[in-house]
Every structure is written in structure tokens, then in C-alpha cells.
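The values are calculated or read from the model by the stated rules, or taken from the named source; none is laboratory data. All of these numbers come straight from a predicted model, not from anything done at the bench. Cβ placement follows ideal geometry from the backbone for every residue including glycine, while neighbour counts extend to all protein chains displayed.
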Amino acid sequence: MKGRLLTRFSELQNIAHTLATKQSTGDVLSSLLTGARKVSGADGGTIYLLGSDKHLHFSVMQNESLNISHVEASEKTSSFDPIPLYDKQGTPNQENLAARAALENSSSNIADVYAAEGVRISGIKKFDEKMNYRTRSLLTLPIHNQTWDVIGVLQLINSIDKESGNIESFSEADLLLAEALAFQAGTNITNSRMNAESTKLLDRVTQLNQIGISLSSQESTEELLKEIVISAKSLTYADAGTLYLHRENKLYFEVMQTDSLDIHLSSADGNLTNIEPIPLYNMRGQPNDHLVAANVALHSTTINIPDAYQADGYNFTGTKTFDAKNGYHSQSFLTVPMHNQKKELIGVLQLINATDPVSGEIISFSAEDQQLAESFASQAAVALTNKQLNEELQLLLESFINVISKSIDEKSPYTGGHCRRVTELAMMISQAANDEKQSALGDFNLSREEMYEMKIAAMLHDCGKITTPVHIVDKSTKLECIYDRINLLDLRHEVVRRDMLIEKLQQRLDEEPDSIVERLQESWSQLDEDIAFLHQCNTGGEFMAPEKQARIRAIAAKYPWRDSSGKVHPFITEDEVYNLNVEKGTLTDEQREIINNHIVSTIRMLEGLPFPKHLCNVPEIAGGHHERMDGKGYPNGLTRDQMSIQARILGVADIFEALTAMDRPYKAPMPLSKAMSILESMKNEGHIDPDIFDLFVDRKLYLNYGQRFLDEKQVDINDYRQKESSER
């Protein structure tokens with residue numbers, strides 16, 4: 001007997017050593033149950049762990065006769081419901097042996113549980129019937145931690161005699177050895193749980209940090225708001241969440257999500273507009289403390305409610321209406337204020353129905369959940385404030401650029417809207433290039449920031465025109481300067497007619513004036529024809545024949561006129577002859593150089609601005625729209641390979657807008673067919689990028705633009721490729 005007892009003590013020491021080597025709580029529990037069965041000869045056993053809810057939760061089961069080697073809590077069935085230590089009235093649950101052991105911190109040794117009095121064994125019988133088993137002897141003992149607090153209960157079932165195989169009662173030695181082992185295991189369980197909790201907390205803190213990084217990477221406020229709710233739910237294992245933003249003493253619904261109902265709503269998507277905001281004060285000016293979200297906002301204090309249906313002092317009418325409508329049950333609520341770095345209230349974050357990650361049951365939000373949620377809410381508020389500040393600064397920058405762009409457009413009534421239309425067309429081409437996957441532009445891909453950079457560059461592409469004299473920008477005729485000098489020619493025309501008449505009258509004093517006028521009609525008709533020709537030449541065109549230029553010079557010398565002092569002048573001055581003989585358009589070479597210099601001013605102005613990193617290419621893009629693919633453009637003579645695709649896109653947009661513009665003084669609005677034909681010629685001549693032209697044609701961007709911005713009479717084709725083929 002003594003030798004057998006020593007053997008059992010030796011086994012106990014070996015088991016204790018094994019327990020000490022286990023790291024996870026599950027391994028400790030499994031080793032404890034295996035060891036307890038070994039030293040006591042038990043056929044089976046179960047371990048329950050005491051939760052914060054004052055319930056004993058099934059953790060692990062073994063039974064040799066039933067060939068159950070290891071069943072963990074994750075594999076449990078409805079047969080293993082948590083065992084409450086107290087009923088709803090707070091009365092101790094003395095009828096359940098496991099609950100009694102935990103309540104009284106004492107062990108019990110029952111020879112035949114079916115014959116025991118004062119014990120409820122309905123669960124045991126149900127198990128036995130289901131498994132065709134007979135539970136007889138039952139050893140129940142508490143598991144303690146180092147401070148002798150109960151942390152669980154160990155039950156050993158049916159002591160088996162090794163020689164006969166019969167079921168017998170557990171001996172006092174069995175009880176003592178099991179208690180010693182349970183105490184040793186209690187320390188190991190506590191340590192493993194502490195390690196697990198520490199690891200879990202560390203993992204959640206790491207997750208919190210990763211979420212903080214993720215928040216800062218969101219590209220828009222709308223996406224950030226959604227990510228805040230998603231991340232908060234993930235961090236606290238919540239099923240649902242709502243984010244309110246604070247404006248003008250009201251809380252506005254911005255995001256509402258309930259995973260189990262597959263509800264994902266946001267104001268940005270337009271599906272929360274029918275929900276009225278929550279006022280922080282009622283119509284009498286009193287605080288709406290009965291509304292949880294308003295209370296949190298008003299008092300800057302987190303509210304953690306285990307069960308909304310049992311909470312006193314708060315109005316959950318809206319919640320209950322939602323539940324009834326959607327077949328949902330809102331139970332636990334964690335509502336947290338969101339303050340930025342200036343301690344200003346940004347909004348309120350509300351999380352609903354914390355979920356046990358193992359069982360899936362709805363539980364209360366823990367103190368750890370609350371601390372993490374509060375920390376996260378602070379991070380989210382700062383991220384949201386920074387994002388809103390960035391967007392406000394971006395809006396300010398864009399508004400300022402719009403003012404400059406509009407000022408440039410309004411500087412000339414003939415180019416009003418040019419910057420706006422070029423921007424629209426450039427973005428249209430950029431998006432099409434982004435979507436292209438097959439052609440030479442298949443690898444071209446602009447990020448959201450790069451698309452914004454393209455937009456800013458397009459808006460500012462003509463900012464240098466602010467330095468260009470108005471009379472050159474607005475030069476609608478060849479003789480126009482501050483005023484149109486064709487009017488001077490008209491005046492001289494009348495003076496010459498008068499001088500012709502006076503000269504004839506002086507020569508023929510004896511004749512009737514009417515007969516003299518009749519003989520002058522031929523000269524006057526020629527003069528009228530010449531002045532009409534000058535009016536025609538004063539209007540710019542695409543080409544001027546040399547014979548027309550020669551006729552202008554001849555007219556200049558043909559009709560001298562005399563001023564009031566008697567001085568004789570040519571009908572057209574040398575400067576007027578020079579302007580009238582402009583071959584293309586209305587600008588002289590010197591004036592065109594001034595106009596062209598606007599791109600130099602544009603580059604100089606833009607390079608002088610401290611653009612942030614994501615806009616650093618604006619000067620290059622905006623400053624390259626007058627370059628050519630063959631290097632013959634200006635101001636820098638860049639070739640195609642020296643230019644970004646964005647600059648090449650802007651060049652096409654600028655040319656096409658100019659060709660089709662309805663407000664140019666020197667030409668009539670050009671139809672799409674002619675504009676596309678000219679654009680194709682420019683491609684063939686090495687002026688514009690051929691890949692961008694092909695994209696422009698293949699995606700019918702010309703038609704899209706024409707339908708939006710041109711007169712319907714200009715939209716004379718639907719498919720340029722078909723027109724091109726038919727003409728061939």
C-alpha cells in the first residue's frame with residue numbers, strides 16, 4: 001500500500017512537472033485532466049473555468065469508455081451550457097455540484113450521483129441517455145489560483161478499479177492527490193491565462209497601431225469615416241457601429257454598419273439622408289442627456305451599457321424600433337466621444353453588441369474594450385481632423401487656382417472658358433488613358449494624387465497670360481491695337497473721296513458739279529472696292545496669297561491724302577501694311593512672340609511656387625503644352641521622349657479646344673470633322689503624340705467633348721474612323 005502511494009506521488013510530481021512546461025491554457029487544462037484521471041483512476045472528467053459573468057464555462061472533456069480523448073470548448077454542443085453560480089434573484093446555485101464547489105470553495109466526493117440528495121443531475125442524466133453511459137462516482141473539486149480564489153472546477157467521473165474494471169467510489173487518497181494537482185494546475189492556469197491575456201492585449205495594441213497607420217492612408221474623408229467604423233468593430237469584436245459627426249450642436253449620422261444584417265450605410269453614399277440628426281439640446285435649451293450619444297457628446301464621457309433593454313435613464317426608443325423592423329436585438333453598447341488634438345468635439349463613435357470571439361455570443365464590452373476604443377477614438381479624431389484640414393487646404397488651393405484661371409479667361413471675352421474647357425478635356429483624355437489596357441498606353445496609370453496633379457496643371461497651363469497685354473490677347477483683326485485701325489482707313493477713304501472731288505472741281509470750274517461727280521464714279525468705285533478689299537484682309541485667316549499682299553502695298557501708295565496742315569500721307573502706313581500682310585491669323589511675328597512668351601511666364605511663375613510633393617510636376621506638365629514631338633516646339637524645344645505623357649495629353653487638349661472654340665475673334669467655329677482632320681495632320685507632322693491622338697479617336701473623346709461643349713452644328717460626325725475610311 002505504501003509503495004503504491006509513493007508511486008502515485010511520483011506520478012503526481014511528473015504530472016506537475018509536465019504542467020509547468022505547458023504554455024497555453026488549453027494545454028494546461030488538457031494535461032491537468034489527463035493527470036488527474038491518471039492519479040485517481042477516473043474513467044472521464046470535465047473542467048469548467050469561471051468567467052467574469054459568474055458562470056462556469058465548459059472548457060475540456062475526456063472519457064476513455066466513450067473514446068472521447070479531447071473535446072474543447074470550441075467543439076461544445078448545446079449539452080454544455082454555462083453553469084450560473086447564482087439565479088436571477090441572486091440566490092446561490094447550491095443544487096449543481098460544480099457551482100456548489102465554486103461557491104463554497106470546497107470539494108465533494110459522491111459514491112453514486114444518482115442516489116445523491118439535494119443535487120440536480122438533469123444535465124448528467126441527459127448526457128448519459130444520449131451517450132448510453134452511466135455516471136456513478138463523482139469527484140468535484142475547485143481549482144484555485146495563488147491567492148486561493150476559485151478560477152474553475154474539476155470533475156472526475158467513475159473511478160475504475162484497475163484489476164476488476166468495476167466502477168468504485170473515489171478514495172480519500174484520490175481526493176487529496178487530485179486537490180494537490182488542481183492547486184498546482186491553478187497556478188499554471190493563472191499564469192498561462194495572464195500570458196495569453198498579455199499576448200492578446202499586445203496583439204490588440206499592435207492592431208490599434210496598425211489601424212492608426214491605415215487611417216492616415218485613407219484618400220478621402222468619406223473613406224476614412226467608413227474605415228473608422230470598420231476598424232473600431234474589428235478592434236472590439238463588435239457586430240455593429242455608428243459614427244456621428246458634430247456640427248452646430250447636432251450629431252449627424254455619417255456611417256452605420258451592422259455586419260450580421262449586412263447593413264453598410266453612409267451619408268456619402270446618400271442613404272442616410274432620411275435620418276434626422278440628434279440634437280444635443282431640446283427646444284427648451286436643456287441637454288438631451290437621455291439620449292446616449294448626446295450624453296456622451298455633452299459630457300465627454302464614455303458610456304458602457306451591458307444591456308440596452310435593462311438600462312435605466314436612457315431612451316432607446318429608436319434602437320427598439322430598428323430592432324423590431326430588422327429582427328435584431330441590440331444589447332451591449334459602448335459609446336465613445338471623439339476629440340481632436342485641440343480637445344474639440346469632432347463626433348461620437350457608438351459600438352453595438354460585443355461578440356465573444358470563441359462562442360459568438362453577445363457579451364458586454366470589457367474594460368479593455370473600452371480603453372482600446374477610447375484610444376482608437378482619439379486617433380481617429382486626429383486623423384479625421386487632419387484629413388479635413390488637408391481637404392480644406394486643397395479646396396482653398398483649388399479655389400485660388402480657379403480664381404486665377406477665371407481671371408485669365410475673363411481677361412479676354414474671346415477666350416472665356418478656355419482654361420475650364422482645356423481642363424475638362426485633359427481630364428477626359430487622362431481618364432481614358434488610365435482605363436486603356438491594350439494599346440501603347442496600356443502601362444500608363446495615374447494614381448488619384450497624380451490625376452489631381454494633372455487637373456491643377458491643366459487649370460494653370462495659361463497662367464502666364466496674366467502678363468500678356470490685353471490688346472494682343474484680344475486682337476480680333478490685323479489692324480486692331482487699343483482700337484481697330486480699320487476705322488482710320490474708313491475715315492481716310494472719305495477724305496480721299498473728298499479730295500478727289502475738290503481736285504476735279506478745281507480743274508472744271510465751268511462745269512456743273514453733277515457732271516463732275518458722274519465722271520468721278522469710276523474712281524470712287526475703285527476706291528470703294530479697294531477699301532472693301534482692305535476690310536476683307538483685316539480679318540485673319542489660315543493663309544494669305546502673295547498677290548493680295550502686293551495689292552495692299554499698291555493701295556497704300558495709290559491714294560495719298562492730305563491732313564489739315566497740308567501734309568501728304570500714304571493711304572496706309574508702313575505699320576498698317578505690315579499688319580495687314582500677316583499671312584496667318586491676326587498677329588504679327590512680334591506680337592506672336594509676346595503671346596508665345598506667356599508659356600515662359602507660366603513656367604517661371606509655377607517654378608516659383610512651393611508645390612507639395614504630390615504636385616511637384618505641375619510646372620513641367622503645364623509648361624510643356626506648346627512643345628512638339630519632333631522638338632520644334634517652344635519654349636524649350638523638347639522632344640517626345642523628354643516630355644511626360646501628361647504634358648503631351650495637355651498639348652492635345654489645348655490644340656483641340658482652340659480649334660473648336662466658338663469664341664475666337666479671328667475664325668468661325670470649326671466643325672469636328674475639320675478639327676479632327678487638322679489634328680491628324682499635326683500627328684503626321686510630328687506636332688502631337690500619335691498614341692494620344694489614336695486614343696482620342698478610338699475612344700471617341702472628340703464626340704464626347706463636342707456633345708458637351710460645342711454647338712450642335714459643329715458636331716457633324718459620329719465616327720471619325722469611318723469618315724476617314726470613306727474618304728480614302
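Filtering region 536-549 to residues that are surrounded by 11 or more Cβ atoms within 10 Å (Cβ to Cβ) and without any contact (Cβ under 8 Å) to a residue 40 or more places away in the chain leaves Lys548, Gln549. So, in region 1-29, of the ones that are surrounded by 19 or more Cβ atoms within 10 Å (Cβ to Cβ) and of a type in the set (Val, Ile, Thr), which residue ends up modelled with the lowest pLDDT? Checked region 1-29; the qualifying residue modelled with the lowest pLDDT is Ile15. Within region 335-365, being small (Gly, Ala, Ser), out of contact with any Pro (no Cβ under 6 Å at 6 or more places or on another chain), over 22 Å from Leu298 (Cβ atoms) and in contact (Cβ under 8 Å) with a residue 40 or more places away in the chain holds for Ala354, Ser359. Of the residues Leu66, Leu32, the single one that is within 25 Å of Lys162 (Cα to Cα) and modelled with pLDDT under 85 is Leu32. Can you find a residue that is within 58 Å of the chain's Cα centre (by Cα), more than 30 Å from His461 (Cβ to Cβ) and touching a residue at least 12 places away in the same chain (Cβ under 8 Å) anywhere in region 590-613? For region 590-613, residues within 58 Å of the chain's Cα centre (by Cα), more than 30 Å from His461 (Cβ to Cβ) and touching a residue at least 12 places away in the same chain (Cβ under 8 Å): absent.
Among the residues of region 405-414, is there at least one that is part of a helix (DSSP H, G or I), free of Cβ contacts under 8 Å to residues at least 40 places away in the same chain, over 24 Å from the mean Cα position of the chain (by Cα) and buried (at least 17 other Cβ atoms within 10 Å of the Cβ)? Looking for residues that are part of a helix (DSSP H, G or I), free of Cβ contacts under 8 Å to residues at least 40 places away in the same chain, over 24 Å from the mean Cα position of the chain (by Cα) and buried (at least 17 other Cβ atoms within 10 Å of the Cβ), one finds at least one in region 405-414, hence yes. Is there any pair linking a residue in region 130-155 that is assigned by TED's automatic domain parsing to the domain that holds Asn105 and part of a strand (DSSP E or B) to one that is surrounded by fewer than 24 Cβ atoms within 10 Å (Cβ to Cβ) and among the basic types (Lys, Arg), with Cβ under 9 Å and at least six apart or on different chains, and which? What qualifies is Thr140/Arg100; Ile151/Arg193. Take Asn288 and tell me if it is modelled with pLDDT under 95 and in contact with a strand residue (DSSP E or B) (Cβ under 7 Å, 6 or more places away or on another chain). Yes; evaluated as a whole, the condition is true for this residue.
Kindly check whether there is at least one residue in region 257-278 that is within 21 Å of the chain's Cα centre (by Cα), of a type outside the set (A, V, I, L, M) and crowded, with 21+ Cβ neighbours inside 10 Å. Within region 257-278, one or more residues are within 21 Å of the chain's Cα centre (by Cα), of a type outside the set (A, V, I, L, M) and crowded, with 21+ Cβ neighbours inside 10 Å.
Thr385 falls short on exactly one of the conditions (1) among the hydroxyl-bearing types (Ser, Thr, Tyr); (2) farther than 14 Å from Leu225 by Cβ; (3) assigned to a helix (DSSP H, G or I), and that condition is (2). Of the residues that make up region 177-194, is at least one in a loop (DSSP other than H, G, I, E, B), closer than 11 Å to Ala42 by Cα and in contact with a helix residue (DSSP H, G or I) (Cβ under 8 Å, 6 or more places away or on another chain)? The answer is no; no qualifying residue exists. Count of region 423-466 residues, restricted to those that are part of a helix (DSSP H, G or I) and either farther than 19 Å from Asp691 by Cβ or of a type in the set (A, V, I, L, M) (or both), is 24.
When you scan region 648-658, do you find a residue that is assigned to a loop (DSSP other than H, G, I, E, B), in contact (Cβ under 8 Å) with a residue 60 or more places away in the chain, buried (at least 19 other Cβ atoms within 10 Å of the Cβ) and in contact with a helix residue (DSSP H, G or I) (Cβ under 9 Å, 6 or more places away or on another chain), even just one? There is no residue in region 648-658 that is assigned to a loop (DSSP other than H, G, I, E, B), in contact (Cβ under 8 Å) with a residue 60 or more places away in the chain, buried (at least 19 other Cβ atoms within 10 Å of the Cβ) and in contact with a helix residue (DSSP H, G or I) (Cβ under 9 Å, 6 or more places away or on another chain).
Can you confirm whether region 77-98 contains a residue that is in a helix (DSSP H, G or I), modelled with pLDDT of 90 or more and assigned by TED's automatic domain parsing to the domain that holds Ile157? Yes, region 77-98 has at least one match. Restricting attention to region 330-338, does a residue exist that is of a type in the set (S, T, N, Q) and part of a helix (DSSP H, G or I)? No: zero hits. Scanning region 365-382 for residues that are surrounded by 13 or more Cβ atoms within 10 Å (Cβ to Cβ), in a helix (DSSP H, G or I) and hydrophobic (A, V, I, L, M, F, W, C) returns Leu372, Ala373, Phe376, Ala377, Ala380, Ala381, Val382. Residues of region 681-721 that are over 19 Å from Asp654 (Cβ atoms) and of a type in the set (Asp, Glu): Asp698, Asp711, Glu712, Asp716, Asp719.
Residue count for region 148-186 under the criterion of being touching a strand residue (DSSP E or B) at 6+ places or on another chain (Cβ under 6 Å) and basic (Lys, Arg): the result is 0. Looking across region 106-118, not a single residue is under 20 Å from Ile143 (Cβ atoms) and modelled with pLDDT under 90. Output yes when any residue across region 607-615 is in the same structural domain as Asp435 (by TED's automatic domain parsing), out of contact with any strand residue (DSSP E or B) (no Cβ under 9 Å at 6 or more places or on another chain), within 26 Å of Leu587 (Cβ to Cβ) and not β-branched (Val, Ile, Thr), and no when none is. Checked region 607-615: no residue is in the same structural domain as Asp435 (by TED's automatic domain parsing), out of contact with any strand residue (DSSP E or B) (no Cβ under 9 Å at 6 or more places or on another chain), within 26 Å of Leu587 (Cβ to Cβ) and not β-branched (Val, Ile, Thr).
Among the residues of region 626-637, some residue qualifies, meaning at least one is of a type in the set (Phe, Trp, Tyr), outside any helix (DSSP H, G or I) and loosely packed, with under 15 Cβ neighbours inside 10 Å. Evaluate region 662-670: report whether one residue or more is surrounded by fewer than 19 Cβ atoms within 10 Å (Cβ to Cβ), out of contact with any strand residue (DSSP E or B) (no Cβ under 9 Å at 6 or more places or on another chain), modelled with pLDDT of 90 or more and hydrophobic (A, V, I, L, M, F, W, C). No, every residue in region 662-670 fails to be surrounded by fewer than 19 Cβ atoms within 10 Å (Cβ to Cβ), out of contact with any strand residue (DSSP E or B) (no Cβ under 9 Å at 6 or more places or on another chain), modelled with pLDDT of 90 or more and hydrophobic (A, V, I, L, M, F, W, C).
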